[in-house]
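First up is the structure itself, then whatever we jot down about it.
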Amino acid sequence: MGDTKKGVISRRGLLQAGTAMATVPFLGISAPNVLAQGLSKSPTKVLDFMTNADVDKAKQEGQLVFYCHENEAGTAGIMEGFRKDFPEIKTSYVRAQTGALYSKIIAERSAGRFDVDVIQLSDLAPAFDFQKKGGYEHYVSPETPAYKDDNLSAPHGYFFWTGVDPAGIAYNTDKISAGDAPKNWKDLLNPAWKGKISCKISASGLQFVQWYALRKLYGDGFWKEFAKLQPHAFDSRVQLFDRLAKGDDMLTAIGEYPAYILFKSRGAKVEFVAPPDGMVATPLVVGAVNKAPHPEAAKLFVDWAMSKRGQAWYQTNPNLYYGSVRTDAPPMPTGVKLSDFKLLYPTDWNEYAAQSPAFLKEWNGMLGL
Amino acid sequence: MTAAAANAGPVSAQKLAGYGVAAIAAVLVLYPVFYLFQAAFDVGDPQVRPPTAYGLDNFGNLLHYPQILLNTLTVSFAATVMAVVIGFLMAWILARTNVPGRRVFEQLMTVPYYLTPLLGALAWSMLGSPESGFINQVWRATGASGHIIDINTPYGIAWVMALFEGSVAFVMIAAVMKSMDPSLEEASQIIGASRLRTMLRVTLPLVIPGVLGAAIFVFAEMLGSFAVALVLGSPNRYYVITTAIYQLIQQYPPRIQVSAAMGVSLFAVMFVMLFIYRRIVTGGSYATITGKAFRPRVADVKGLRWVLFGVCVLYVLASVALPVLTLMFASVQKIATAFPAADNFTLSNFHAAMSMNAASSALGNSLILGFATASIGIVLMGLLAWLIYRSRLPGAGLIEYIVMFPQAVPRLVFAFGMMWAWLVFPIPIYGTMWLLLIAYLTVFLPLGVRTIAGVMLQIDKSLEECAQMCGASWGFRTRTVTMPLLLPGLIAAWLLLFIASVRELGASILLMGPHSKVITPAIVESWFGTASELTATLALIQTLVVAAAMVVLVLVTRRLTAEPVD
Amino acid sequence: MAGQPHIEVESLEIFYGKVPAVRGVSFTVQPGEQLTLLGPSGCGKTTTLRAVAGLEQPAAGEIRIGGAPVYSSARKINVPAEKRGLSMVFQSYAIWPHMTVFENVAYGLRVRRTAAAEITEKVHSALDMVQMRDFAARRASQLSGGQQQRVALARAFVFQPSVLLFDEPLSNLDAKLRADMRIELRDLQHRLGITSLYVTHDLEEALAMSDRIVVMRDGLVEQTGTPDEIYRLPRSAFVADFIGSANLIRGRHRPDLGTGDLIALETADGQVMYGMACGRTAGAEIIFSVRTVHLQISGEHPPGDKNVWPVRVEKTVFQGDFSQLHVVWGAQRLIARCAAMEPIAPGSEVFMTVDPRRAVLLGA
C-alpha cells in the first residue's frame, strides 16, 4: 500500500519494445542503424557531467530548438539553465500543452518538416507513440546509470524521466476553513463545490494520469460525479493557482505541488492536501528528436538534463520545482523528497496509453466540447 | 502598322502589373481555403494525407455539438444587438445633437477597436469576475454579498464583444446619418409635424436600411470573434465555434476534421450574411460610396445636453478608461485586488515583462512584422485597388470577390487552412516569420484594399484622364499625378495595416513558430501560463505601442479630412 | 490642306454595357474650325467627344485625325489616348491640387521632355494669353472656378496640340462669367487657329462660338450646319424647337395655292399660311416652323393680304427687353415675341402677320 509502484516494464513490455525496434518507422531510422548508434563514441566530460555528444560540434551548431509542455515561464526557465552553462548555444522554444504540442510535431513531421531538436512531454502515452513512430533519436547518455529502469524508455536511449510533477488537492484558506477542507480525493465530490472547483483541460498529461488513476481506485462513477460539479478547466497550473489565490475558485482538484510552493512563497492564501490514498503524478519525459537540425546540441541537452547539475536546475528553479527521479538526487527545496509522497502511477503504461481516446471523449464531454 | 504597334506597348505594362498582382492575391486567398475545405470533407483516416475518402460525415458530426452552435449564435446575436444600440445611440448623439465635445468623442469612439478585444477581455475579466473582480470587491465592501456582475456569462461576453468589436457599428451608422439630406426632415417640419413625428416618420425609415446593413455586417464579424470568448468563456466552459476549434486541435490526436467542418460552416454563414449585406447597402459593390456628404441639422437638446454628455463619458469610461486603468492598477500589484495593502505594490512585473525573453522578442517581432506588412501591403493592395476600381481590365469583378473573401472567414479558421497549406509548401516558410507575413497580408486584404480604394475613388477620374490627354504614359501619370494625390491616404492605410498586424491574434496564435513569436498571442500565452498581473503588464506594453501608432494616425487623417478651399 | 478635314468621325457606335449611347454618328471638322456638338443631356455628345479623345472605347466605326486612323473597328486599330496628340479641357477643370499653377500648365511640356528654359517661356506666354501670369506660383487648389478654367485652358494649348477638345468647359461657371468666357475662348481659338471640337448643351454658347454645329438627339445626328443655317432652316421639329423657340403649324399642303418659291398650308380650321420650301419636298401633310420673334403683332391691319390674320390676345408675359404674347389663332394658340411696347390688354383683337420667308417647311 505504502510504497511507490514500480513502473512496469513487464515481459510483455519488453517484447513490445523489441518489435518496436524491428518496425520500420515511417520516418527515420531503419533497424540496423538503431543498433549502430549510441555505441561508438566514448564519453567526454564537460563541466561536471559526462556526455557522448561532440561538444565542439554542438557549439558550432549554435542553436537548440526545444518543444515543451511547460508554461511560458517554466519553458523559459529550462532554457535559461541550459544557456547559462552553454552560452554559445542559442535556445528557442515552442510551448504548448502536451496534446497540442504532440499534434504539432506529428503534423510537421508528416509534412517533411524536421525543425525540432528536443521534446519534453508531460505524458508517457504520446512518448510511447513517438518512440513507436521512430520520432525519437536513439541516444544512450552516459548519465543513464543514474536512473532506474522504470524511469527510462525501453530500451534505453529514447527518453527519460526528467522529473515528476506530483499533484494533490489545494484550496483557498479564506474560502474554506481547515475543518471543511477535503482530506481525500473522495471529498472532492461534495455538492458544495459546484461551480467553484477547477481542473485541467484534456490536453494535459497530468489530467489524463489523474483520470486513469482515480478511476482505477474508485471506479467509473467517480468522474461522473465529478462532472456534476461543473468544474472550470485550464491549461496550466499557474492559471489554476492564480484563480485559487484570488478566490475565483475555492479549490482545485489537481493542485500541483510545485505550483503550491511557488504561490505560497508569494503570500497567497492557499493550502495543500496530500490525499492519503496517494497523490497522482505524471512523469515529465525528455528525449532528443530524430532528424534534428542540431543533433549534437540535442544530445548535449539530453546529457545536461540528465546530469546532476541539470536535475538540480529542474528541482530548484521556482517555475519548475520538479521532483527528480535521479537515484542520487537531493531533496526538493522544501526538504521533501519525492519518495516521501505516495504516488499513484499507472501499473501498465501501455494499457494506460490505450485509454487515451476514452479519456478525451469523457473529459471533453464533461467540459462541453 | 505604327498605329497597331502603338497599341501593344504601354498597355502591356498595365496588364502585367494588374494580372500579376491579381494572381498573387488569388494564390494567397484560395490556396488555404482549398486546404480548409479538403480537411472538412475528409472522412478517411485523419493521420493520412492526402485524404483517402471524402464525404459529409464531418458536417453530420456537428450535430453532436448543438450547445456550441447555440452559444455562438446567442453570443453573436446579443453582441450585435448591443453594438447596434450603442452605435445608434452614440451616432445620434454625436451627429445630431449639440452635445459639447462632439469631435473629441468621435475620435474616442474608435479607440476600443485599437485597444484590441483581448485587452478588453483581460481588463473586464479583472473587473467583473464574480469573486475576484474589482467591481464585485467594491460591491462587497459596501456590505452587500455575492456579486453584482458576472462577466463570464454569455451576456458578459457579448457586452465586451460589443464594446470592443462593435465600434464599427458606430462608424457605419454615423456615416449613414451624415449622408442623409437634412432638407427631407425640414420639409416634414415645415408642413407642421412635431420633432418626434418627424423622427419616426421621416428620419427612422431613411436610416433603417443603413442600420440594418450595419447590423448584418457586425453580426458576421461577431461570429468570428475569438479573443473575448477565449478569455471570458473558456474558464466557464462556455465555448463558441472559434474557441472550440482552438481547443479541439490542441489535443492529441487533434480533431482536425470536425474542426474544419465547424470552420467551413461558420464561413458559410458569414459568407451569406456578407452577401446579404452587400446587396442591401451597396447594391453589389464594396466601393466606398462617395456621394456628397451633407451636414445634418444639429438639434438643440437644451437641458438634455448634459445628460447625453454623461452618456458619452460613460461609454468612454467603460470602453477605454476603465480597462486601461484596471490593467495599470493590476500591473503594479503582486496579487491584484481592489483594495491592496501597502506591501502589495511592486514594479517586479515590469522587470519580469521586460526580461522575459519571450516578451521582448515577441514585441520586436511584432514591430518588424508590422513594418513589413504595412509596407508590402500598401504596394500590393494599392495595385489591387487600382486594378479593381480604376483599370478597365476584364475580370476585375472576380478579383474583388477574391480579395474580399477573407472577410467572410474567421481569422482562426483561415489560419487553420493556412497551417496545412503552407506546411506542405516546398519552400520551408512554415514556422517562420515569412509565414506570418503571408498570413497577415492575406487576412488584411479586405481592410487594405477597401481603405485605399476609398481614397482612390475620391480622386476624380478626370485628374488622371487629363494627364493622359497631356500625353503622359501610365507610368508617368501614376508617378506624377496619382501617387502624390494618394499619398495621404496611403499613409493612413500604412498605419492601419501596422496597427492591425500588431494587434492580430487569431491567425498568429496558430501559425507562430519557435523563432516567430508575436506580441498578442504572447499575451494570451502569458494569461495561460503566468500570473494575471504579469499578463496585465504585457498587455499595457502592447497598448502603448499601438497607442503611439494611433496618435500618428489621428494626426495624419486630421490633415487629410480638412475641408479643401472652395 | 484647306479641303482635307482634320477630324473625321464615321459611323461611330458606342455602348455602355448593353445600352447604346451613340448609334451611328458621322461628322467632319475642318482645320482651324470649331465644331460644336449640341444637344440635351443624354444625347451622346460627351461620349462622342471622349471617344475622339480615346477615353471611351467605341464598338464600331472609325475616327481619323489628320487623315490617320486613331480608331478603326474594321482594321482593329485603337491608339491610346496619350498617343493621339490631342488636348482636352474638362468640365471639372481637372486642375491638379498638389501642383502650382505653373506646374499644372507645364505638365504637357514635361511629358514631351522640353528643355527647362523653353518650358518657362511657353508657360509664361500661355498664362499671359489667359491673363493668369500673376498666379504662376500660386497653389492650384487656391483658385476660384473661373481662374481654374483659365489655367486649364492654358495647360491645354501650351504644347501646341493640333486639336483641342472641350467638354462643357463653361457649364460650372455663373451666367455672367460664362458670357464673358465665351467670347474669350472664341478669340483665343481664332488666334491660335487650333481645330476645336466643342460639346455643350447651352444653345447661346453654341450659336456664339461655333463655325458649325452638329445637333444630336438620342445618339444620332439631327442636323449639321452653320449656326445661321440651323437657326433659319431647321430640318425637324426637334431642331426647330431646340434652337430658339418656334411655333409649329401643321396642315394640309395646298399645291394649288403655291406661287413661285412659296408653298401654301391650310390648317384644319381653314387658315392659310404661305411659307418657304427651302429645297425640301412637301408631302400631303406638312409642318411650318415659325420663330416666335417673326410673328408680328399690330393694332391695325398691315399692308398686303398674304399671311395676315386677325387674332385675339390671350395673355401677355412681361420679360423686360421683350414681351411674350399668347394669341389665339383659329383653333391654335401661338406665341409671339415682341419688343418692349405698350402693354396690350388680354382679350384685345389685333392683327398678326408673318413674312412667308420666315415660315420654314420642316423635313419629314
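Rule-based calculations on the coordinates, nothing more; no lab input. Remember, it's a predicted structure, so these values are computed and weren't measured experimentally. Here Cβ is always computed from backbone atoms with ideal geometry, including for glycine, and neighbour counts include all displayed protein chains.
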Mean Cα-pair separation over length for the stretch C:245-361, i.e. relative contact order, pairs under 8 Å, 6 or more apart, % = 30
Most packed first (mean Cβ within 10 Å per residue), the peptides C:72-83, B:29-40, B:75-86 order as B:75-86, B:29-40, C:72-83
Do the sum for chain B: with -39,500 (n - 2.57) for every DSSP H run of n ≥ 4, divided by all residues, what is the mean residue ellipticity at 222 nm, to the nearest 500 deg cm²/dmol?
-> -22000 deg cm²/dmol
Which of the lysines could a cross-linker bridge to B:LYS178, judged by Cα under 30 Å and excluding same-chain residues fewer than eight apart?
-> B:LYS292, B:LYS302, B:LYS461
Which whole DSSP H helices in chain B pass both tests: a Cα extent of 30 Å or more along the axis and a mean Kyte-Doolittle value no lower than 1.6?
-> B:66-96, B:256-277, B:532-560
Principal axis lengths of chain B from Cα atoms, whole Å, largest first?
-> 90, 74, 48
Can you give me the Cα centroid spacing of the stretch C:110-131 and the stretch C:250-301 in angstrom?
-> 58
Volume per residue (Å³) of the convex hull spanned by the alpha carbons of the stretch C:293-342 is 83
What does the average come to when, for each residue of peptide A:104-113, you count the partner chain Cβ atoms lying within 10 Å of its Cβ?
-> 5
Can you give the Kirkwood hydrodynamic radius of the stretch C:7-232 from its Cα pairs, in Å with one decimal?
-> 18.0
Which residue, chosen from C:ASN172, C:GLY67, C:VAL105, occupies the Cα position most advanced towards the positive end of the dipole of the stretch C:7-232, where the dipole is computed from +1 (Lys, Arg) and -1 (Asp, Glu) charges on Cβ about the Cα centre?
-> C:VAL105
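Ratio of alpha-carbon Rg to the 2.2 N^0.38 Å globular estimate for the protein assembly as shown, to two decimals, please. Walk me through the numbers on the way to the answer.
On the way: Rg = 42.1 Å, N = 1299, 2.2 N^0.38 = 33.5 Å.
So the Cα radius of gyration is 1.25 times the expected 2.2 N^0.38 Å.
Using the per-residue mean of other Cβ atoms lying within 10 Å as a proxy for protection, in what order, highest first, do the peptides A:177-183, B:404-410, A:360-366 fall?
Values: A:177-183: 12.1, B:404-410: 21.9, A:360-366: 18.0.
Those peptides, ordered most packed to least, come out B:404-410, A:360-366, A:177-183.
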Between the stretch A:285-338 and the stretch C:32-91, what's the alpha-carbon centroid distance in Å?
-> 83
Averaged over B:456-464, number of beta-carbon atoms from partner chains that fall within 10 Å = 3
Mind checking which lysines have their C-alpha under 26 Å from A:LYS148, skipping anything on the same chain fewer than 8 residues away?
-> A:LYS5, A:LYS6, A:LYS41, A:LYS45, A:LYS132, A:LYS133, A:LYS216, A:LYS299, A:LYS308, A:LYS337, A:LYS342
How far is helix A:237-246 tilted off the main Cα axis of chain A, in degrees rounded to 10, range 0 to 90?
-> 30
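Normalised by the number of residues in chain B, what is the relative contact order in percent for Cα pairs under 8 Å and 6+ residues apart?
Numbers: 776 pairs, mean separation 115.3, N = 566.
Once divided by the residue count of chain B, the mean separation gives 20 percent.
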Chain C: most fluctuating residue of C:GLU349, C:GLU168, C:GLU118 per GNM, C-alpha cutoff 10 Å | C:GLU118
Distance between Cα centroids, the stretch A:260-275 to the stretch B:340-382: provide it in whole Å.
-> 32
Name the aspartates and glutamates eligible as straight-distance cross-link partners of C:LYS176: C-alpha to C-alpha under 20 Å, and not fewer than 8 places from it in the same chain.
-> B:ASP566, C:ASP167, C:GLU168, C:GLU184, C:ASP187, C:ASP202, C:GLU204, C:GLU205, C:ASP321
Helix A:295-306 sits at what angle to the longest principal axis of chain A, using alpha carbons and giving 0 to 90 degrees rounded to 10?
-> 50
Solvent-free Debye scattering, log10 I(q)/I(0), computed from the Cα coordinates of the stretch C:245-361 at q = 0.12 Å⁻¹ | -0.41
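What is the average number of partner chain Cβ atoms found within 10 Å of a Cβ in C:67-79?
Working: counts 0, 2, 1, 2, 1, 1, 0, 0, 2, 3, 6, 5, 5.
That average works out to 2.
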Rounded to the nearest 10 degrees, what's the angle between the helix A:98-110 long axis and the longest principal axis of chain A, both from Cα atoms, 0 to 90?
-> 30
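Given an 8 Å cut-off on Cα distances and at least 6 residues of separation, report the relative contact order of the stretch C:174-239 as a percent.
Numbers: 47 pairs, mean separation 13.7, N = 66.
Rounded, it is 21 percent for the stretch C:174-239.
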Per 10 Å bin from zero, what fraction in whole % of the C-alpha pairs of chain A is there, up to the bin with the longest pair?
-> 5, 25, 34, 24, 10, 2, 0
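Taking the DSSP beta bridges in chain A as the whole, what percent of them are antiparallel, to the nearest 5?
60
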